[in-house]
Amino acid sequence: MENVESGVQVAALTAEELESIGSRAGLDLLRAAPADPFEDTERVYLERLGQGLLAEMRWITPERIRHGCNPEELLPGARSILIGACSYLTRVRRADDDAVRGRVARYALGDDYHDTLGAKLRAVHLMLEERLGRPVRARISVDSGPVVDRAVAARAGLGWFGKNTNILTRPLGSWVLLGAMLVDVELPYGPPLRKTCGACTRCMVACPTGALIAPGVLDSRRCISYLTIEHRGPIPRDLRPLMGDWIFGCDICQEVCPVNLGAPVPDHPEHREREGWGQFPDLLELMTIGDEEFRRRFRGSPVKRAKRRGLLRNVAIALGNSGDRRAVPVLVRALSDHEPLVRGHAAWALGRLGGEAAREALERALESETEEWVVEEMRDAAAITYGG
Ligand code: B12
Ligand code: SF4
Ligand code: SF4
């Protein structure tokens, strides 16, 4: 089953067989790269961290970066890293009604991919052991693990780095999620693709917050995806109007990408819209959900990462940006939410929508509000309503 060349075990497996194992496991693409250290990635990553470009994602530490860029530290004896990709494009239809709706990043419509991709990689592991006829030591890492998924994908020739920092693949474009598995066997490696974005800068121009500050450089502090998913506290006021109707993640820099044009829609069931959720959810309904309903609706979904307070914070901003005063009653109710984060952003949204009902509610809420920054939000919002 294996050749032994100069002390290195080389698996007798072709690239086609590897691809076929991937597809039997439910992956759209599967490639392998040598498990050498990622020296350039480590340098760039540490630089970006030092420049503050990774915002307040405190779990990204220098130690974690060093660890993730040195496969030997993650799996002693690692020879290869497998990288699997799964497209999350599904068929979606926007309801033909006049509800106030928000927008959700496509990757977050279905089940949590940490679970689904992890299960597919476990299946790859089993098939690999069966095909090689020996135990294979492996370590799986999907997203939240330290492995630098995109750098592995680029090295393995699965895709290339776009200026929006995403990995672009053929024919699935950047609409793919990645999962990695370190193994202690050599595998057939695809050469890195010699593709680049050329002169295109569409994503950089289209980003509403100017988060793509240079080709391939993202300032997370300005990225709507970061703000709506990872950021824990109040969202900086100057960025709120720029967030438009995005309530969880953002797809703009992928929607405008020409490489994504005409990408096939595999419609994997695990990525389809979940009940009570979807690409264009009804914001008035969402703004009223309680803790229990949040837990029920988003169990096993990527959305649970934002927690109820984060999601409702985002919904309040989108309602404020909607310019639709039908949102006033739910926002007024949210002024007495048990979460200060929700109260503060509901106040901001009411200030933006304006009108007498909004003003009266803000003034009433000010009488009992105790949280200092929320008081400030309410005061400023009430003052704005006097203007319009
Ligand atoms: C932290 C994180 C985020 C952060 C920061 C993202 C970022 N760009 O740094 C936030 C929360 C903002 C985020 C957002 C999103 N994320 Co995210 N995220 C991650 C995570 C956990 C780590 C990424 C990381 O290490 N960033 C640090 C920087 C330094 O890495 P980098 O940008 O890749 O750096 C490389 C490039 O800059 C390149 N480079 C250097 N110089 C130059 C110059 C040029 C010209 C070019 C082209 C490139 C280039 O080299 C660097 C080193 O390799 C990974 C999972 C993982 N474990 O890897 C997912 C991951 C990158 N995210 C993913 C997704 C899907 C998203 C979103 C699309 C979700 C959404 N729709 O809202 C957005 C996309 C936003 C964007 N434009 O990047 C996917 C990407 C899949 C793909 N096709 O690439 C990943 C791989 C998760 C997964 N396992 O599938 N994410
Ligand atoms: S995800 Fe949205 S905010 Fe972030 S870089 Fe892309 S377009 Fe900009
Ligand atoms: S929009 Fe253009 S520059 Fe941006 S990732 Fe796509 S091809 Fe590259």
For the range 170-191, indicate whether the set of residues that are of a type outside the set (Lys, Arg) and free of Cβ contacts under 8 Å to residues at least 60 places away in the same chain is non-empty. yes
Conditions (1) in a loop (DSSP other than H, G, I, E, B); (2) outside the structural domain of Glu19 (by TED's automatic domain parsing); (3) within 13 Å of ligand 1 (Cβ to nearest atom); (4) farther than 15 Å from Ala55 by Cβ; number of the one not met by Lys163: (2)
Those residues of the range 256-303 which are within 16 Å of ligand 2 (Cβ to nearest atom) and hydrophobic (A, V, I, L, M, F, W, C) amount to Val256, Cys257, Val259
Criterion first (part of a loop (DSSP other than H, G, I, E, B), away from ligand 2 (no atom under 16 Å from the Cβ), among the hydrophobic types (A, V, I, L, M, F, W, C) and in contact (Cβ under 8 Å) with a residue 60 or more places away in the chain) does Val136 satisfy it? no
Given Arg313, Arg326, Arg305, Arg299, which one is in contact with a His (Cβ under 6 Å, 6 or more places away or on another chain), in the same structural domain as Tyr226 (by TED's automatic domain parsing) and not small (Gly, Ala, Ser)? Arg313
Taking first residues from the range 199-227 that are under 19 Å from Arg43 (Cα atoms) and second residues anywhere that are more than 10 Å from ligand 1 (Cβ to nearest atom) and among the β-branched types (Val, Ile, Thr), the pairs with Cβ under 8 Å that are 6 or more apart or on different chains are Pro215/Thr201; Asp219/Ile213
Verdict on Arg48 being over 27 Å from Val124 (Cβ atoms), out of contact with any strand residue (DSSP E or B) (no Cβ under 7 Å at 6 or more places or on another chain), touching a residue at least 24 places away in the same chain (Cβ under 8 Å) and part of a helix (DSSP H, G or I): yes
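Yes/no per residue for (1) in contact (Cβ under 8 Å) with a residue 60 or more places away in the chain; (2) in a strand (DSSP E or B); (3) crowded, with 18+ Cβ neighbours inside 10 Å:
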residue: Cys253; (1), (2), (3): yes, no, yes
residue: Val265; (1), (2), (3): yes, no, no
residue: Gln279; (1), (2), (3): yes, no, yes
residue: Phe294; (1), (2), (3): no, no, yes
residue: Lys307; (1), (2), (3): no, no, no
residue: Leu312; (1), (2), (3): no, no, yes
residue: Ile317; (1), (2), (3): yes, no, yes
residue: Ala327; (1), (2), (3): yes, no, yes
What's the number of the only condition in (1) away from ligand 1 (no atom under 14 Å from the Cβ); (2) closer than 19 Å to Ser322 by Cα that Trp246 fails to meet? (1)
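The values are calculated or read from the model by the stated rules, or taken from the named source; none is laboratory data. Just so it is clear, the structure is predicted and the values come from calculations on it, not from any experiment. Reconstructed Cβ throughout: ideal geometry from the backbone, glycine too, with neighbour counts over all protein chains shown.
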